[in-house]
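The values are calculated or read from the model by the stated rules, or taken from the named source; none is laboratory data. Small disclaimer: the values here were computed from a predicted structure and weren't measured. A quick note on method: Cβ atoms are made from the backbone with ideal geometry, for glycine too, and the neighbour counts reach across all protein chains shown.
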Amino acid sequence: MINEDRLWNRLMELGKIGKQPSGGITRLSFTKEERAAKEKVASYMKEAGLTVYEDAVGNLIGRKEGKEKDAPVVLVGSHIDSVYNGGMFDGPLGVLSAVEVLQTMNERGVETKHPIEVVAFTDEEGARFSFGMIGSRGMVGTLSEEELVHQDKNGVSIAEAMKEAGLNPSEIGKAARRKGSVKAYVELHIEQGRVLEEANLPVGIVTGIAGLVWVKFTVEGKAEHAGATPMPIRRDPLVAAAQMIQMIEQEAKKTGTTVGTVGQMKVFPGGINIIPAKVEFSLDLRDIDATVRDHVLQSIIEQAQKIGKERNVLVNVELLQEMPPVLCSELVQNAAKEACGQLGLDIFSLPSGASHDGVQLARLCPIGMIFVRSKDGVSHNPEEWSSKEDCAAGANVLYHTVLRLAMGE
Ligand code: GLV
Ligand code: MN
Ligand code: MN
């Protein structure tokens, strides 16, 4: 069994970094808060007896050697960046549990055939640049220099932020791992939904991760005087956007599985007495079935154009990124099932609605995830919570899953 007090204390300590007056955590990539979090985790990795280094995209890695030095590595991890005003478990639970697993192994003198690495991925959330999974894309070798042009709210690009953090954007290729060099990737994460709570179970095994598309809508009308322009002749892009957002909700509801969210909106020029000239809003659309999701997206785009025509405003749709749904491997799912069985826990499987670095890692190696029950299913919110006992149960399942993967062929 892992040391549950140590795991919990570290979660509470890490949860102080980037804490806002509201009680939520804002720890965006390449900021001083993220740097402080990395330093804290690096110190835990050292206490765990790991060799610590950072790769060319800023992934923080702690390595435990295997009996066979050149055997493919078992990767275990998550992320320590957060969304704006997020919670303290989304990401940190997976990183700190992985450190705890390796510290427990080292304290017991457990040696494995395969080397094991704990990884805290750079920018999983995409909160700062609306382009996430930077570290895992880098590790898989799909991150290109052209993609580093994405900007944050202040116009700072990923490349510029990397330089400020002491990284060289033209060297990101060095973070790429060779195919065959990673045996499997495993991540422990909070569920961020209500399935485990309703099933009254602390831990579940993930079957697959829903695929997402991120889209930017730009609606252009005409800025005019709010007092002097009669209602019938206005070309108001904000009213058109409001109609589109309601339509998006209706379209997503039709399938029963798709979820669609508009989380960002900018109104230009943003004056109280000016009919807006332009509105930009985002769409996050997900489904475990890519065909269903893409069908919904097509319908949304067609109807947005129709609304645009009716209201005499221009509608532009830009695809920011697309990630396919990904299945978790039998290898990791079976290891996790055996681990649950050994610990006397129910074996319960569920899909993930949230996205994770495993979506990227799946291009490189078999992946799998273990979920821990979330209180009221709340996440991306300061109220995010999982109990100490549930976190420990998840970390113990992770321990025995990793042990199986690192011992076996
Ligand atoms: C990350 O948390 C995501 O699913 O957007
Ligand atoms: Mn996460
Ligand atoms: Mn998240």
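Brief remarks on what is shown
- Only a single item in (1) within 20 Å of the chain's Cα centre (by Cα); (2) farther than 28 Å from K179 by Cα is not met by A393, and it is number (1).
- Lone unmet requirement of (1) within 26 Å of D287 (Cβ to Cβ); (2) in a helix (DSSP H, G or I) for V317: (2)
- Set S379, S386, S374, S352: member being farther than 16 Å from V206 by Cα, surrounded by 24 or more Cβ atoms within 10 Å (Cβ to Cβ), within 16 Å of ligand 3 (Cβ to nearest atom) and touching a residue at least 60 places away in the same chain (Cβ under 8 Å): S386
- Condition check for P324 on (1) away from ligand 2 (no atom under 16 Å from the Cβ); (2) at pLDDT below 95; (3) buried (at least 18 other Cβ atoms within 10 Å of the Cβ): one failure, at (3).
- Looking across S22, S43, one residue alone is out of contact with any Leu (no Cβ under 9 Å at 6 or more places or on another chain) and at pLDDT below 95. It is S22.
- Output for region 173-202, where each listed residue is within 16 Å of ligand 3 (Cβ to nearest atom), among the charged types (D, E, K, R) and under 30 Å from M162 (Cα atoms): E187
- For region 284-303, the tally of residues that are within 18 Å of S352 (Cα to Cα) and surrounded by fewer than 19 Cβ atoms within 10 Å (Cβ to Cβ) stands at 5.
- Subset tally (residues that are within 13 Å of ligand 2 (Cβ to nearest atom) and among the hydroxyl-bearing types (S, T, Y)) for region 123-158: 1
- Pair list, Cβ under 9 Å, 6 or more apart: region 49-67 residue on the phi < 0 side of the Ramachandran plot and hydroxyl-bearing (S, T, Y), other residue in a strand (DSSP E or B) and at pLDDT 95 or above: T51/I61; T51/G62; T51/R63; T51/K64; Y53/L60; Y53/I61; Y53/G62; Y53/R63
- If you go through region 239-266 and pick out every residue that is buried (at least 17 other Cβ atoms within 10 Å of the Cβ) and farther than 17 Å from A304 by Cα, you end up with 1.
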